[in-house]
Protein chains: 2
Amino acid sequence: MPIPHTEAPGHLQAALSSRGLRLTHQRRTILSIVETAKQHLDASQILRHARKIDPGIDRVTVYRTLKLLKRYGLVDELDLMHMQGEKHFYERRPLRDHIHMACLRCGKIAEFESDLFDRLKGQIQRDCQFHILVSRLEIGGYCAACRSAN
Amino acid sequence: MPIPHTEAPGHLQAALSSRGLRLTHQRRTILSIVETAKQHLDASQILRHARKIDPGIDRVTVYRTLKLLKRYGLVDELDLMHMQGEKHFYERRPLRDHIHMACLRCGKIAEFESDLFDRLKGQIQRDCQFHILVSRLEIGGYCAACRSAN
DNA sequence: TAAACTGTTGCAACTGGGTTTCATGAGGAA
DNA sequence: TTCCTCATGAAACCCAGTTGCAACAGTTTA
């Protein structure tokens, strides 16, 4: 579902070590999961995947590593309209921002890139003199399939 | 700080009762607070204000009423980039959607309306055949004052 | 205007995602 | 290899929000 990435694998590891952070076994495991994820994962899903590789890994380490990645702008945190409780979802930061559309009926998440979105952010930076570090556009509604199904 | 509203006071009460919901003392109290709020309030702030009017009101009632308002699209729930924990903030749904910009340094929240935003949503409805019920664009970064301060 | 119906409230207990504390363990520079 | 420091795991904790249930109060009806 996520928009294809063109970044080289190992990018997150390189980014962390270039910032002087230790590349522990646990971090490598978590980074590889986030990097190769085919959908948006929450912390407990990441933990489950990580334990298949390193059974001793603790959920605290997952939370700490995600926090680290977020702080350095290497992953984006999503709410996906809080459709399944208050958990957060993560995806590695794409080259170009995209919009998340959550179908409130079937739960499917779609992604969408748009020049208008890029231009809107440009307008905000200019008109509001606001330096954008992270942006999050989430939309809730009904997808095409659910609209026509009813 | 919020963009001025032109809706008549009592709008929320009317909207609820027209849907066949009971107008209890507690609900009237909470609605009036949400309707007249000058900033974005979280649930505990709404509770605190409500207790000045009706000291017996319970926090559960606040949560339930906010959920109700959200379900009927009468208020919007905001994360404001989770700058202060995981709490949610509420504002009554405006006539025209706006963007929330959160300064990650000083914590100030700014609002911004934009034709580009309206057009972007139109594009999504058309190109993705996605029926939008609620949208949330939140931006984190540095405001003009904090940019020039450093 | 009183009864009755049913949605709403308050209370207490609970849930669950996420964080803190601290002793132990392991990167990695020298 | 040593040593320093950061990172980890385990347990306890935090806190926003939810649930179950008995008592209560809007609203409708007669």
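No value in this document is a laboratory result; all are computed from the given coordinates. Small disclaimer: the values here were computed from a predicted structure and weren't measured. All Cβ positions, even for glycine, are placed from backbone atoms using ideal geometry, and neighbour counts span all protein chains on display.
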Sparse-neighbourhood loop hits (GluC sites (Glu not before Pro), region A:22-93; DSSP loop; Cβ within 10 Å at most 11 others) -> A:GLU86
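Compute the signed sum of charges (Lys and Arg +1, Asp and Glu -1) over the other residues within less than 11 Å, Cβ to Cβ, of A:TYR142.
Net charge around A:TYR142: +3.
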Chain A, relative contact order [Cα under 8 Å, separation at least 6], %:
20
As an exercise, identify the trypsin sites (Lys or Arg not before Pro) in region A:76-150 lying in DSSP coil whose Cβ has no more than 11 other Cβ atoms within 10 Å.
A:ARG96
May I ask for the equivalent-ellipsoid semi-axes of chain B, computed as the square root of five times each C-alpha gyration tensor eigenvalue and listed largest first in whole Å?
28, 22, 13
Share of Cα-Cα pairs in the protein assembly as shown beyond 32 Å, whole percent, is 34
Could you name the residue in chain A with the C-beta closest to the rotation axis that superposes chain A on chain B, along with the separation in whole Å?
A:LEU137, 2
Separation in nanometres of the label points that stand 7 Å from Cα toward Cβ, at B:ARG22 and A:LYS87:
3.6
Give me a single rounded figure for A:91-102: the average over its residues of other chain Cβ atoms within 10 Å of their Cβ.
1
Highest-MSF residue in chain B out of B:ILE33, B:ILE99, B:ILE53 [GNM, Cα springs under 10 Å]
B:ILE53
Given the protein assembly as shown, what count of lysine pairs have C-alpha atoms under 21 Å apart, with each pair 8 or more places apart or on different chains?
28
Alpha carbon centroid spacing (whole Å) that separates region B:74-150 from region B:11-64:
23
Restricting the count to DSSP beta bridges whose residues both fall in chain A, what percent are antiparallel, rounded to a multiple of 5?
70
Round to the nearest 10 and give me the degree value, 0 to 90, for the angle of helix A:43-53's Cα axis relative to the longest principal axis of chain A.
40
For residues of A:113-124, the mean tally of beta carbons on other chains within 10 Å
5
